[in-house]
Amino acid sequence: MEYSSHHFDVIVVGAGIMGSSTAYQLAKRGQKTLLLEQFDFLHHRGSSHGESRTIRATYPEDYYCDMVMESSQRWEQAQSEIGYKVYFKAQQFDMGPSDNKSLLSVISSCEGKSLPYQVLDGQQVADRFSGRINIPEGWVGVLTEVGGVIKPTKAVSMFQALAFQKGAVLRDNMEVKNIVKDEARGGVNVVVANGEEYWGKKCVVTAGAWMGKLVKTVSGLDLPIQALETTVCYWRIKDGHEAKFAIGSDFPTFASYGEPYIYGTPSLEFPGLIKIAVHGGYTCDPDKRPWGPGISSDSMKEWIEGRFSGLVDYGGPVATQLCMYSMTPDGDFVIDFLGGEFGKDVVIGGGFSGHGFKMAPVVGRILADLALSGEAKGVDLKHFRIQRFQQNPKGNLKDHEDQVTLLQITSR
């Protein structure tokens, strides 16, 4: 589709998973859509690259369950349109001390949302997973059917390809410097670093770890979104046991509640290796990243030794990858209108806090809804409004423990 001008119905700023999903939704609805990315498409400097992300419907906060369930269906729909898989299903297994508030809230959410689940004691866990997983005395496990692995870089590429097929214009290496209200025509002008300007009736900003900086420049608003650098670790499965931990067997995606919160996925992207990592990292400036050192692996070594019956080598990770989170104080998303002079012309989606990727299809749907109709159907956005931080700097009140470990680099 050829465009004779720099005029669009909607301009999406940021082409990670959220922006790419949004562009797909907009183009699918016949909107003249422009997707802008400050770096190369599919770059490794943000939060949307790599080899695997977990999908799970088990959340202490019950308002995420429906979003995950819708996303699960939308992942399948999108991959059927493109013709290849990005979503590999598995069960989800959550574990932790029987009195852990977060795990108890997970169980309550499952009950409230009628999500089928099983609570297993130590012996039942050992029996269910043929001795591959062991939990300490006083722990319980929660097993659900909605789990699995998303291939992130492949998924971003999928949404960009589908958006392009449906007429969207995609431009990378186009850093957005400002978004300015167009007083004469309405809508907004999006100014990029090379001096070009694009006009849009509406604009959606999905700038990831750069969201705080861009919103501050555009509106003066200080959004409490903190970039965090996290390290993903891969551990070697001992010889002869690789198939027992592989995707497609009955080995689940998993999460362990407590201090620290540890998560992982079955072996998929690297044969013979299993991803096990701490949910957390070091706060950083996205433009001046430390590129390490990463969280100490000592807690993971101890955890692996106690959980996997000696079948995974806990001497240390054999491979690592770096990624960024965009943390809010409460760990909840920011999905809202920017407001102020922009009214409902600029929509923002950010602060996904290290757990948003799985919900990209529904977030894209919601952001497109907000841009086009001013409201999102079938979801209550009160937990994601900017205003919550004005009422309480810590955001939404929670009665369970934080899951993310935030560390400060004191010296290098």
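Using +1 on the beta carbon of Lys and Arg, -1 on that of Asp and Glu, and nothing else charged, what's the dipole of the stretch 87-244 about the Cα centre, debye to 20?
On the way: 19 positive and 17 negative charges, 109 e Å.
Approximately 520 debye in magnitude.
Putting +1 on Lys and Arg Cβ atoms and -1 on Asp and Glu Cβ atoms, find which of Val106, Gly96, Ser52 reaches farthest to the positive end of the dipole of the stretch 51-186.
Checked the options; the winner is Ser52.
What number comes out for accessible area per residue over the chain if the probe is 1.4 Å? Units Å², please.
Numbers: 16650 Å² over 412 residues.
On a per-residue basis, 40 Å².
Give me the percent relative contact order of the stretch 1-84, please, defined on Cα pairs under 8 angstrom at least 6 residues apart. Mind dumping the intermediate values first?
Values: 61 pairs, mean separation 17.5, N = 84.
Once normalised by length, the contact order is 21 percent.
Positive end of the dipole of the chain, charges at C-beta (+1 Lys, Arg; -1 Asp, Glu), about the Cα centre: which of Pro136, Met69, Gly306 has its Cα farthest in that direction?
Going by the charge dipole, the pick is Met69.
When only C-alpha pairs under 8 Å and at least 6 residues apart count, what is the relative contact order of the stretch 164-265, in percent? Numbers along the way, then the final one.
Details: 91 pairs, mean separation 12.7, N = 102.
Result for the stretch 164-265 is 12 percent.
Given the alpha-carbon gyration tensor of the stretch 52-190, what are the semi-axes of its equivalent ellipsoid in whole angstrom, ordered largest first, with each equal to the square root of 5 times an eigenvalue? Please list the in-between numbers first.
Working: eigenvalues 329, 76, 36 Å².
Each semi-axis is the square root of five times an eigenvalue, giving 41, 19, 13 Å.
Distance between Cα centroids, the stretch 238-305 to the stretch 67-145: provide it in whole Å.
Measuring centre to centre over Cα atoms gives 17 Å.
Regarding the stretch 252-314, what are the three Cα extents along the principal axes, ordered largest first, in Å?
Here the Cα extents, ordered largest to smallest, are 40, 27, 18 Å.
What length, rounded to one decimal in nm, is gained on full extension from Gln165 through to Glu375, with 0.36 nm per residue of separation minus their alpha-carbon distance?
Numbers: separation 210, 0.36 × 210 = 75.60 nm, distance 2.64 nm.
Full-extension gain reported as 73.0 nm.
Distance between the C-alpha centers of the stretch 158-223 and the stretch 315-385? Whole Å please.
16
If you scale each eigenvalue of the Cα gyration tensor by 5 and take the root, what three semi-axes come out for the stretch 315-375, rounded to whole angstrom and sorted largest first?
Details: eigenvalues 194, 34, 15 Å².
The equivalent ellipsoid of the stretch 315-375 has semi-axes of 31, 13, 9 Å.
Give or take rounding to whole Å, what are the principal axis extents of the alpha carbon atoms in the stretch 283-412, in descending order?
55, 35, 29
What fraction of the DSSP beta bridges in the chain is antiparallel, stated in percent and rounded to the nearest 5?
In the chain, approximately 70 percent of DSSP beta bridges are antiparallel ones.
Determine, at each q value in 0.07, 0.08, 0.09 (inverse angstroms), the log₁₀ of I(q)/I(0) that the Debye formula gives when each Cα of the chain is one equal point scatterer.
-0.32, -0.42, -0.53
Which FRET efficiency value, to the nearest 0.05, do you get for Ser5 and Glu401 by plugging their Cβ-Cβ distance into 1/(1 + (r/R0)^6) with R0 = 56 Å?
Numbers: r = 53 Å, r/R0 = 0.94.
After rounding to 0.05, the efficiency reads 0.60.
Charges on Cβ only, +1 for Lys and Arg, -1 for Asp and Glu, centred on the Cα centroid of the chain; of Ala209, Gly343, Gly272, which one is farthest towards the dipole's positive end?
Gly343
At a 10 angstrom cut-off on C-beta neighbours, averaged per residue, how do the peptides 264-272, 207-215 rank from highest to lowest?
On the way: 264-272: 20.2, 207-215: 23.7.
In decreasing order of mean packing, 264-272, 207-215 become 207-215, 264-272.
Given bins 5 angstrom wide, list per bin the percent of all Cα-Cα distances in the stretch 1-96, short to long.
That works out to 2, 10, 16, 19, 21, 16, 9, 4, 2, 1, 0, 0, in percent per bin.
In this model, which of Lys301/Lys398; Lys151/Lys358; Lys113/Lys382; Lys154/Lys377; Lys216/Lys377; Lys28/Lys201 are farther than 20 Å apart at the alpha-carbon?
Details: Lys301/Lys398 30 Å; Lys151/Lys358 10 Å; Lys113/Lys382 18 Å; Lys154/Lys377 28 Å; Lys216/Lys377 29 Å; Lys28/Lys201 17 Å.
From Lys301/Lys398; Lys151/Lys358; Lys113/Lys382; Lys154/Lys377; Lys216/Lys377; Lys28/Lys201, over 20 Å: Lys301/Lys398; Lys154/Lys377; Lys216/Lys377.
For the chain, what's the relative contact order in percent, using C-alpha pairs closer than 8 Å and at least 6 residues apart?
The value is 22 percent.
The values are calculated or read from the model by the stated rules, or taken from the named source; none is laboratory data. Here the structure is a predicted model, which means the values were calculated and not measured. Here the Cβ is made from the backbone with ideal geometry for all residues, glycine too, and neighbour counts use every protein chain on show. Side chains are part of the model used for accessible areas, which takes the heavy atoms of the whole protein and leaves out ligands, DNA and RNA. Shrake-Rupley method; radii C 1.70, N 1.55, O 1.52, S 1.80 Å.
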